[in-house]
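What follows is a short report on a single structure.
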Amino acid sequence: MKKLLLAVAVSVAAGSASAATIYEGKGLTYTLNGDLQIQFRKEVGKDEHTDIEFDDLELKNHVSYDLGNDMTAFGRIDFGFKNAADGKYDDGSNLEEAYLGMSFGNTSISFGKQNFASDEFGIEEAYEMESKNDRFDAMGTSGDDTIRLDVELANAYIVASYEMDAEGEASENGEYFDLFASTEFNNITLAAAYQNATESIGAEDFDTWGVSAAYDAGFATFAIDYSTTDDVADQYNVASVFAVAPTTKMAIGVIDTDFDSINKEDFTEWYANVTYKFPTQKNVSLFAEIADTDQSNSDMGYLAGMRLKF
Amino acid sequence: MKKSITCLLATCALYPAVSFADIEIKPSNGVGILAINGKAVETKTFFSDLPELKAKNGTTQIVVEYTAEITESADDYVLEDSDTFVLTFKAADTTVRVQAPEISNRYDLKSFNRNADWRLLDDRGNPLSFTWGKLEKEGFQLGRDYEKELEEFNSTDTQAAVKSLNTETHSFNKSVPTSQPPSNVHPDQKMVGQMLEYWYEQASDETKNNFKNWLETGQ
């Protein structure tokens, strides 16, 4: 659903960008991607103070071997440093993803520490939010004993994943089964997702459903999603992205969260952000955002930051 | 053809101020022009202007790549480059826009690499036909020498190869005044004209363009 962003991707004079393919030869390809983002931020809420935060401070290593007959073996190791940079723990880096897999034409299967199928769901366009992105994000969208199947077709994308509970092992945690499917036609993107989550062994399991739609009208993209976890909460997002200048785009959105429990306060959050991409390098951007909720005793939050990708 | 070239030469002689127009190359979003006619394109920086992406009228060969933003999850993407393509086309007195379809998943990127779904459009929006090939380098990819790779590419029989780009051409000396004293004029102007016409037709596109520039700037 990142297409919401891409649909109004601002044009740049040079038009060039580059990913870093480090080595390519004899069937081996090694690619290094980076995502560095820093923010000067005051969070939404009461008595929040401004600080400098990192959001995405990642190095992503991807290695693949061409095995012939349209078969590829691949591996991925991603390191994230944002928590270390924010002083949240001392061990330097955090292993964000680590998996191996095989692809056969347009189908791939992978095993390891990775995102669930439902991580593909959602249309929100905020840099930071008080709310969860959607109900799947609230329930969990990544694991370390995960088997994932991806099928990419001309106009459709289908993903299934299963996270084992690994009872009695060091990686013991919950059990999750996720599905995601999306399709595109006539500038419309439709998606649906499902998750069955058991957050710990022996605990009650929860079903979560979600649907989304996005329409690219040329001058702007409009999108909406709705997701619900049985007996827990419902949530919807409405967002729009539009270009305000050849190098600048703007996004606005609203998220409403409605809890089934009377002990939790329902609330609505809104945000508006602007992103400037340098005409010489589209991978360097500056951005700013304001956001607020209708919760009692909550003050508006704001941020300004910079992002570099390669 | 002979008549048109004779006319061209005559026009040059009569109207030395006539400008021989170029074609301008404009990449669309995500498209990078890496080389034009065997010469690597310098990268634009924040402190320098974008180098002029221009070529002489006639056959033009460009090296291009497309960088796609491949969706990784609902709120993240990674950059992936397409294969490195060589596109060869003919154009005159126009702006050539180099376009690629918007690609956001690996399925489309693989398809693009397989089919070379580039679109070249002139300033009226008409598609230009082109031939294509790929520049492939084994080993470390940082700091590729596109000029050397193109030399090898253009010495092959690949459809998009332009062998004349590997041929050394004559540099017309602009410092010598072209208005020679009357005593240097050869008495047999008919033969001179025939020779000019003959050698012009033997010249490569690049030599012709150099010659035209020499006529244009030397008088």
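No lab work stands behind these numbers, since they all come straight from the coordinates. Only a predicted model underlies this, so the values are computations on that prediction, with no experimental measurement involved. Heads up, the Cβs are rebuilt from the backbone with ideal geometry, glycines too, and the neighbour counts pull from every protein chain shown.
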Per residue of B:75-87, other chain Cβ atoms within 10 Å number on average 5
To the nearest 20 debye, the range A:102-198 has a Cα-centred charge dipole, built from +1 on Lys and Arg Cβ and -1 on Asp and Glu Cβ, of 360
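Going through the cross-link list B:Lys90/B:Lys134; A:Lys82/A:Lys282; A:Lys88/A:Lys277, which pairs have a Cα-Cα distance over 28 Å in this structure?
On the way: B:Lys90/B:Lys134 19 Å; A:Lys82/A:Lys282 23 Å; A:Lys88/A:Lys277 30 Å.
A:Lys88/A:Lys277, as the Cα separations exceed 28 Å there.
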Projected area averaged over all directions for the convex hull of the alpha carbon atoms of the range A:198-310, nm², comes out at 10.2
Of the candidates A:Pro279, A:Ala73, B:Thr60, the farthest towards the positive dipole end of the protein assembly as shown (Lys/Arg Cβ +1, Asp/Glu Cβ -1, centred on the Cα centre) is B:Thr60
Amide H neighbours of A:Gly25 at under 5 Å, excluding residues fewer than 5 places away on the same chain, with H built from the backbone geometry, are B:Gly139
Measuring from its Cα centre, the range A:3-309 shows a charge dipole (+1 at each Lys and Arg Cβ, -1 at each Asp and Glu Cβ) which, in debye to the nearest 20, is 1980
For chain A, whose charge dipole is built from +1 on Lys and Arg Cβ atoms and -1 on Asp and Glu Cβ atoms, the candidate among A:Leu95, A:Thr293, A:Tyr23 with its Cα farthest towards the positive end is A:Tyr23
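With Rg and the Kirkwood Rh both taken from Cα atoms, where does Rg over Rh land for chain A?
On the way: Rg = 20.2 Å, Rh = 21.1 Å.
Rounded to two decimals, Rg over Rh is 0.96.
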Along principal axes, largest first, the alpha-carbon spread of the range B:22-166 in whole Å comes out as 47, 38, 36
Among B:Leu150, B:Trp118, B:Phe130, the residue whose Cα sits farthest towards the positive end of the charge dipole of the range B:98-159, when +1 is placed on the Cβ of each Lys and Arg and -1 on the Cβ of each Asp and Glu, is B:Trp118
For the protein assembly as shown the translational diffusion coefficient, Stokes-Einstein from a Kirkwood Rh over Cα pairs at 4 °C and viscosity 1.567 mPa s, in µm²/s, is roughly 49
Rounded to 0.05, the calculated FRET efficiency for the beta carbons of A:Ser171 and B:Glu216 at R₀ = 45 Å is 0.05
If the chain between A:Lys46 and A:Lys264 were fully extended at 0.36 nm per residue, the gain over the current Cα-Cα distance would be 76.7 nm
With +1 at each Lys and Arg Cβ and -1 at each Asp and Glu Cβ, the charge dipole magnitude of the protein assembly as shown around its Cα centre, to the nearest 20 debye, comes out at 4780
For B:Leu53, the residues 5 or more places away or on another chain with a placed amide H closer than 5 Å to its own amide H are B:Ile25
